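Before any comments, here is the structure.
Since every read-out is calculated from the coordinates, none of them should be taken as a lab result. Just so you know, these numbers come straight off a predicted model, no measurement behind them. Heads up, the Cβs are rebuilt from the backbone with ideal geometry, glycines too, and the neighbour counts pull from every protein chain shown.
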Amino acid sequence: MPWKTPRPAYQTETVTWVFGPGSDNLRVVFKKAELSNSSGVGSNLLINEQGPFSRPLSMIGGQISGTIAQETPNGRYLYDIHDGNNRLLPWVNPVSPEQNFGGLDIPKPPPGG
């Protein structure tokens, strides 16, 4: 059964985006992180386009992948997909007209883990 919503990713886990044929020059570009502290109060943080990953994302064929850095704070990391000319690509099914971007959720690791 396909995922309705992608599952959260954890620190040190590898994340892979898979695109169809003819998408060899796409890029995942992170733009901000929505972090929350232990009291549930959130804050927004502008981040570099590498996002929560330990090194730049790699692109092989129609797949982009990377490993989330161990020290990455918990939160939602928002990103866009850009084409080879650095143009923002629209999502086929955006959440809403105001939310035309993707998000990667990184929860707190389990106690003792």
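Tabulated data
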read-out	value
Backbone HN-Hα couplings from phi across the stretch 7-24 [Karplus 6.51/-1.76/1.60, Hz, Gly and Pro as x]	6, x, 10, 10, 3, 6, 8, 8, 10, 10, 9, 10, 10, x, x, x, 10, 6
Computed E for residue 49/residue 7 - FRET, C-beta separation, R0 30 angstrom, nearest 0.05	0.80
